[in-house]
1. Which of the following residues is open to solvent by less than 50 Å² (accessible area, probe 1.4 Å) and at pLDDT below 85: ALA371, ALA381?
2. Exactly one condition in (1) part of a helix (DSSP H, G or I); (2) more than 22 Å from GLY352 (Cβ to Cβ); (3) of a type outside the set (A, V, I, L, M, F, W, C) is false for GLU413; which is it?
3. Just for strands (runs of 3 or more DSSP E) wholly inside the stretch 204-295: which have at least 2 residues that are away from ligand 2 (no atom under 14 Å from the Cβ)?
4. Within the set of pairs 6+ apart or on separate chains, which have a first residue in the stretch 69-93 that is in contact (Cβ under 8 Å) with a residue 40 or more places away in the chain, a second that is assigned to a loop (DSSP other than H, G, I, E, B) and exposed (fewer than 14 other Cβ atoms within 10 Å of the Cβ), and C-beta atoms under 6 Å apart?
5. Take the stretch 134-160 and flag every residue that is touching a Leu at 6+ places or on another chain (Cβ under 8 Å), open to solvent by 60 Å² or more (accessible area, probe 1.4 Å) and either of a type in the set (Phe, Trp, Tyr) or without any contact (Cβ under 8 Å) to a residue 24 or more places away in the chain (or both).
6. Find the residue count for the stretch 175-210, including only residues that are within 16 Å of ligand 1 (Cβ to nearest atom) and exposed (fewer than 15 other Cβ atoms within 10 Å of the Cβ).
7. Residues to consider are ILE224, ILE232; find the one that is away from ligand 1 (no atom under 16 Å from the Cβ), aliphatic (A, V, I, L, M) and open to solvent by 80 Å² or more (accessible area, probe 1.4 Å).
8. Listed residues LEU344, LEU379; which is hydrophobic (A, V, I, L, M, F, W, C), assigned by TED's automatic domain parsing to the domain that holds PHE457 and under 22 Å from PHE457 (Cβ atoms)?
Amino acid sequence: MITIQNNEHGRRILLLDSPFALEDSPDFPEHLFDAVFIFNDSVDAAKTILNTINPVTSVKCGYKPFFLSRSLEGKMGDYADLIDGYYDDWNDIHALNKVEDIISRRGELGLLAIEEKIVSANQFFVRLFRFLIIRNHLKLEMELDNSSATGYVLPIINVFYKLGWFSLSETFVFFQSMTEKGYLRPTRFINRIYLCPKCLHSHLLYIESCPKCGNSMIQSEEVIHHFRCANITPEHTYNFGGQLRCPKCHQMLHHIGVDYDRPATVFTCESCGNSFLQAQMQAVCTNCQTVSDVKSLVPQNCSVFEITKEGVLAITSLNIGFSVYTEFYDNFLEYDRFVNRIRLLAEQKFTGRITGDVLVGKIWILDATAATVSNRAELLAQVCKYFPNNKVSAANNITYINAVVTDYKGDQEQAVLDFQILLSEAIRAAAYVLRPGEKICYTYMKLESNGANIDKFLNDLQFVTATPDDSVEYHPDAINPNGAEVGVSPLLKDDGTVDSLYHAPTAAELLKEAKEELEMEANKKKTPVKRAISWLYVLIAVLAVVVLALGMVIVKMM
Ligand SMILES: [Zn+2]
Ligand SMILES: [Zn+2]
Ligand SMILES: [Zn+2]
């Protein structure tokens, strides 16, 4: 059953009791209903319905109030945070008020418009955080959950992680970036946990093993130190009919601390006979089966987070989009800033303040059905690196590169051609990101200097052409030209893996680096005279210490 009923406040309520392909159904467009009531007494059935019909990922239900049958109250587990109340009557006064509250809060936050279909992890997180902000759910409490990949998890995030909306590394990048920007603030530290360096799961088995052969069939035994003769050997060598007797001097041992002690534990490998003091500690990932040395596990701080005031403003603003990339590439611009920049350049061009050509290169990927695919972190990273002196942006499934080109010999055509050659090279360098059946294309747009068509030009940015200037097809042997250069953007891989070798600099390290740079510069600025004077000070200080020491020696001798 699926139907729409008016409630007593004239709001239209979508009522349903079983799974339904709502997103694809032309009979129930987004604008026909204001809230959703799911009437089903089964927890599993309600969860199944919520997997597709929910206020976060569903386009038609985005941010709308959601209610379940009264009988399910307290039973929805991780799904509970998606639900605004449990009622059997949509005219229940609390349900009526809740619907009005949520709709007015959406209005206050400027989030009444229907959102696009989610195509990237970033977009998902923005949507989820907007949902939480509308619910005034600003405190994010991590919970221990043995069914979650990372052990500590936000229940609502766990729901969508299990549904495959994002990878673990994308979660960490998002939280890290939001925290650095001050949009999220850790309010209470819970624990530092260690994750598998390959898949970031926390379900690890810790194995003590022999450092020589790696076998974990090892025995530990205490070592006894006999004070009298200084013999130090494993405990079993002292065993004498249930009593302790020194194997070297044959004296009986009586009191620990008086005639002997146990200074250490030794391990013996039952496989190779090796004796050692420190067993090798390894972690076996129960998810991907990788065996890692514990030193290479990825540390992760778990905290309770809070969405800050700045966070609420930024996340509800309509241009947050790809801002996460600005953390990694300083030539990356969010799309609306990129567009503003082009508009500014256009004004300068039309008023004759710049003579060069204003160009925008566009790169996109087509799948086997010739549809554009959503922007990939790897492609964006590659383009940012390939055009370090140009502004780069991404939106509409297109990666953009802005250039203002002037040829010093006055040959403008050659300057434009050079930019085209660069774009051709760039798509070849980026071809390794393609998947079977895909091809990568480029074209460019040139701003004409008549001034009339800037809005049309900006609008045309959103579209790709059926006849690109150049394209490269998927090839299984295509390689990453920066393959050896790991660690440039390790957290940005979109396949869910991170590079375990990567060590993100901490704030303290960055500060230290900056200080060192400053000091180096200050040193460079010192003139030889100043440097000589500072050396003189050091010399005087050393002399003073020597004189003082000598003086004290003399006083003592007298
Ligand atoms: Zn061994
Ligand atoms: Zn002894
Ligand atoms: Zn793993």
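The values are calculated or read from the model by the stated rules, or taken from the named source; none is laboratory data. What you see is a predicted model, and the numbers here were worked out from it, not measured in a lab. Methodologically, a virtual Cβ is constructed for each residue, glycine included, from the backbone with ideal geometry; neighbour enumeration extends over all protein chains shown. The protein model used for the area step is the full one, side chains on, heavy atoms only, and it has no ligands, DNA or RNA in it. Shrake-Rupley method; radii C 1.70, N 1.55, O 1.52, S 1.80 Å.
1. After ruling out the rest, the residue left standing is ALA381.
2. (2)
3. Once the strands (runs of 3 or more DSSP E) in the stretch 204-295 are filtered for at least 2 residues that are away from ligand 2 (no atom under 14 Å from the Cβ), what remains is 204-209, 218-226, 260-269, 280-285, 291-293.
4. ASN91/GLU8
5. Selection gives GLU143 alone.
6. Matching residues across the stretch 175-210 total 1.
7. Testing whether each residue is away from ligand 1 (no atom under 16 Å from the Cβ), aliphatic (A, V, I, L, M) and open to solvent by 80 Å² or more (accessible area, probe 1.4 Å) leaves just ILE232.
8. LEU344
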